[in-house]
Amino acid sequence: MSRHTVFFLFLVAIAITWSSAPSMAHSGDGYGGGFVAGFTHPIVGWDHVAAMVAVGLWGAFLGSPAIWALPIVFPLVMAFGAVIGIAELPLPAVETGIALSAVVLGLMIVFAVRPPLWVAAIIVGAFAIFHGYAHGTELPSTVNAFAYAVGFVIATGLLHLIGIGFGVPAKWPAGKLAVRSAGGLISLAGIGFLTGMI
Amino acid sequence: MRIFWWCFGLVFTLGAVPARAHSPMPGAEGFYIGLIHPFSTPSQALLMFGLGLLLGSFDTKKVRWLLGAFVLATFIGLFLGPGSNQLEAAMFALAFFACAWSALIPGKLLPIAVMLPVIGGLLIGMVSVPDPGPTTDRVITMTGSMLGANIGLLYIWGIIIVVKERYTWKWVEIAFRVVAAWLGAISLLMLALQFAASDVAQISAVEAISVVLHERL
């Protein structure tokens, strides 16, 4: 492709970009709108992101079988929390619980705590209740509940996966230091959520 | 030579007329509707995938019992129906149990696990009974549903087994358990929404089947 052709195509692309108008093809409701609302819900809340990544990070740090057990336990227990939220049963200090999840899970990584698998599962599961409750209280009012549920469960799982991905270098000494530092950052962020600074 | 084939193709394309080789086969539409019916609603689709994951977690030699139980239960379910909207909640509940089973205790407790495809088959059969109409049409649609449910389950299980045998890495097995956990979570949420969204009294899977059995027998 000659230089002139590239330049011409570049000008055409700019002209098209400038002349484009907002797309009004769809209103954002239905399955698509529900999925996007559900998918973005855990991602746009930094407290959720920190805790989800921490779960994956801690799982990777603990190694097998925790690396897969924790991301399996979390969504199932989180769904129970969502059920409590949908049923409008009272759960005290939800926001505090969510913020504490980042603090505690971050500290577990910082201090390289290696409890038995069942203890780790209980810790993660307990915090999952609070996260699920927060999702559940917002779930019934969305455009499409099924698409919302699919979106937010997938987003939660992908955040775990990101945490596991970051935690893989924990196999090497330098990586272990990096992962523990990341745990420290998550814990500090949790303190920020807890005190309202973030 | 290339231009000749271009022109040849163009003439054929432009000269094409609507195909009128045959008229629709009587009942074909109902059959196809029945065929996809087991995957037509979130509750049924989640239940089918949940059962597929459950079957996929067991040793292939033992799965014949689960598959056989599902075939028989679907057949009986078609005769027990028609199901009501109340069965939606029962299907979400059973989908959750099937997914949780394959995520937490995969391939274990076969004698108890066989109850899940039995109840699942009954539920899928009961909700697949078409609205009142000519008997022939209803039978054709129900045959489609019967085949759709069983072939669908066979395919889901088969795909899981093929992936597991083709890729023998440990994480493949884990990935299926994670997917089961995700689907289980979605099922539980949908079950909760069934209760939240409607004032209609919801009943469990066992209650739903026992009510129908009581009415029929």
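Some observations on this one:
- Area buried, chain A against chain B - accessible surface, total, 1.4 angstrom probe, square angstrom: 1900 Å²
- The residues neighbouring A:ALA134, those whose beta-carbon lies less than 10 Å from its own, together hold a net charge of -3 under the Lys/Arg +1, Asp/Glu -1 convention.
- Cα centre as origin, Lys/Arg/Asp/Glu Cβ charges: the protein assembly as shown dipole, Debye: 1620 debye
- Taking the longest Cα principal axis of chain A as reference, the axis of helix A:117-138 is set at about 50 degrees.
- Along the axis of the charge dipole computed for the protein assembly as shown (Cβ charges of +1 for Lys and Arg, -1 for Asp and Glu, origin at the Cα centre), the listed residues B:PHE92, B:VAL178, A:ALA128 are led at the positive end by B:VAL178.
- Principal-axis tilt of helix A:66-86 within chain A, Cα atoms, nearest 10 degrees: 80 degrees
- If you look at the Cα atoms of the protein assembly as shown, you get an Rg and a Dmax of 25.9, 83 Å.
- Heavy-atom surface of the range B:62-144, accessible at 1.4 Å and reported per residue (Å²): 44 Å²
- Taking θ as phi - 60° and the Karplus parameters 6.51, -1.76 and 1.60, the scalar couplings of the range A:150-163 work out to 4, x, 7, 5, 5, 4, 4, x, 5, 5, 4, 4, 4, x Hz in sequence order, x denoting glycine and proline.
- Computed with a 1.4 Å probe over protein heavy atoms only, the accessible surface of chain A comes to 51 Å² per residue.
- For chain A, built as a Gaussian network whose Cα springs stay under 10 Å, the top-fluctuating residue of A:ALA60, A:ALA93, A:ALA120: A:ALA93
- Calculated from backbone phi, Karplus (6.51, -1.76, 1.60) coupling profile of the range B:134-144 in Hz, x at Gly/Pro: x, 4, 4, 4, 5, 5, 5, 5, 5, 5, x
- For A:ILE198, distant residues with modelled amide H under 5 Å away: A:PHE193
- Projecting the Cα positions of B:TYR167, B:MET126, B:THR136 onto the charge dipole of the range B:30-216 (unit charges on Cβ atoms of Lys, Arg, Asp and Glu, taken about the Cα centre) puts B:TYR167 furthest along the positive direction.
- Tensor-based shape of the range A:25-195 (alpha-carbon gyration tensor, a/c under 1.5 rounded, otherwise prolate or oblate): prolate
- Based on Cα atoms of the range B:117-203, Rg over Rh with Rh as the Kirkwood radius reads 1.10.
- Radius 14 Å from Cβ of A:ALA69, net charge of other residues (Lys, Arg +1; Asp, Glu -1): +2
- Scanning residues 5 or more positions from B:VAL129 or on other chains, those with amide H under 5 Å from its amide H are B:GLY83, with H placed 1.01 Å from N in the peptide plane.
- Along the range A:97-104 the Karplus relation, 6.51 cos²θ - 1.76 cosθ + 1.60 evaluated at θ = phi - 60°, assigns HN-Hα couplings of x, 5, 5, 5, 4, 5, 4, 5 Hz to successive residues, with x for each Gly and Pro.
- When only the Cβ of Lys, Arg, Asp and Glu is charged (+1, +1, -1, -1), the dipole of chain A relative to its Cα centre reaches about 780 debye.
- Burial here means at least 30 square angstrom less accessible surface with every protein chain in place than with the chain by itself, probed at 1.4 Å; in the range A:58-81 the buried residues are A:TRP68, A:ILE72, A:PRO75, A:LEU76, A:ALA79, A:PHE80.
The values are calculated or read from the model by the stated rules, or taken from the named source; none is laboratory data. Keep in mind that what you see is a predicted model, and the values were worked out from it rather than measured. Note: ideal-geometry Cβ built from the backbone for every residue, glycine included; neighbour counts use all protein chains shown. Protein only, heavy atoms only, side chains kept; ligands, DNA and RNA dropped before computing areas. Shrake-Rupley method; radii C 1.70, N 1.55, O 1.52, S 1.80 Å.
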